[in-house]
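Student: One structure, as structure tokens, below. Some questions next.
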Amino acid sequence: MNQFQTERRLCWSYLLAAVLLAVSVLCIGIPYNHWRTTLDVCPGGYFENTNCGCILYGVSTFQYFNGGHNSYCLYAVFAPLPVIAYAVIMALFHMYRVCINNIGQYEDEKSTTMEEIEGESIVVSTRTRVSRNNDAVIYCWIPTSSIAALFAVYSLVHASIVTAGFIKTCTQYRGYLVRELRATGDHATAIHFRLACQAIFDFMDYLQKDAPNSRRGDFINTGVALQLAIFCAWASVAIWIAIVIYTAMRAYRERHVLTCCGN
């Protein structure tokens with residue numbers, strides 16, 4: 001895989017990572033805004049702001065179903081924004097190099113010619129390479145690989161927190177649903193062990209009552225939104241790992257060239 005192919009793949013990878021993270025942010029932000037007033041029913045005095053309106057990490061209490069602390073949702077929504085900005089910048093950078101400059105397009109391409117020397121025919125093969133004097137990006141493969149690895153871990157933490165919060169809310173609402181429906185026996189068993197989280201969130205969409213002095217507005221499909229956010233978050237982790245592999249392979253190929261770290 002020559003440099004042109006590598007940068008073309010990096011362009012698409014960075015763009016896809018940005019789109020996936022943006023979808024994940026939207027699919028968390030919409031349910032959070034929809035439920036934050038309804039679920040913010042934590043016990044506390046007038047001067048105590050418990051901020052429990054997050055759809056993630058919900059908790060079933062003896063009286064209400066409370067959301068998780070708002071910091072979880074705020075982190076899930078705002079933490080990926082710097083990563084999205086970096087991915088967009090890198091996607092545009094590689095797009096410019098691939099679509100306009102055609103950097104590295106002919107690298108490793110062989111041309112064969114026949115030359116006659118002293119009456120004998122000799123096959124001469126030449127290989128085209130990118131000029132290291134004009135293409136300074138080869139000095140940046142190691143730094144970009146390190147940054148991509150950092151963002152891969154960062155995205156992994158983000159995806160893990162969102163997934164754990166989704167599972168916690170689903171599990172807690174099962175118990176709340178059993179209590180509210182006064183389910184016993186096989187009914188309670190089916191709610192706890194047979195119904196998927198999508199079905200549990202469907203019950204939540206239609207059965208969860210508004211908190212006093214609050215209105216959620218129209219119904220939304222909370223389960224689909226959160227599951228799409230989780231899928232996009234984990235898919236972005238895979239994309240960042242692919243970016244690390246591409247840049248690391250390129251850094252290894254250019255290992256004999258000076259890098260930003262020295263010889």
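Student: Around Gly223, with a cut-off of 12 angstrom between Cβ atoms, what is the net charge of the other residues, counting Lys and Arg +1 and Asp and Glu -1?
Tutor: -2
Student: Around Gly53, which amide H atoms from residues at least 5 apart in sequence, or from another chain, sit under 5 Å from its own amide H, with H modelled in the peptide plane?
Tutor: Those lying under 5 Å, H to H, from Gly53 are Asn70.
Student: Using the Karplus equation 6.51 cos²θ - 1.76 cosθ + 1.60 (θ = phi - 60°), what ³J(HN,Hα) coupling, rounded to whole Hz, does each residue of segment 165-178 give in order, writing x for Gly and Pro?
Tutor: x, 4, 5, 5, 4, 4, 5, 5, 6, 4, x, 5, 5, 4
Student: So what are the ³J(HN,Hα) numbers for segment 31-42, from phi and the Karplus equation (6.51, -1.76, 1.60; θ = phi - 60°), rounded to whole Hz, Gly and Pro as x?
Tutor: In residue order, the calculated couplings are x, 4, 5, 5, 9, 4, 7, 5, 8, 7, 10, 5 Hz.
Student: I would also like to ask the following. What are the residues whose amide H is under 5 Å from the amide H of Gly58, where those residues sit 5 or more places off or on another chain and H is modelled from the backbone?
Tutor: Amide H neighbours of Gly58: Gly68, Thr169.
Read-outs: derived from the displayed coordinates by stated rules, not from any lab. Everything numeric here is computed off the predicted structure, so don't read it as measured data. Note that we place each Cβ from the backbone using ideal geometry, even for glycine, and neighbour counts take in every protein chain shown.
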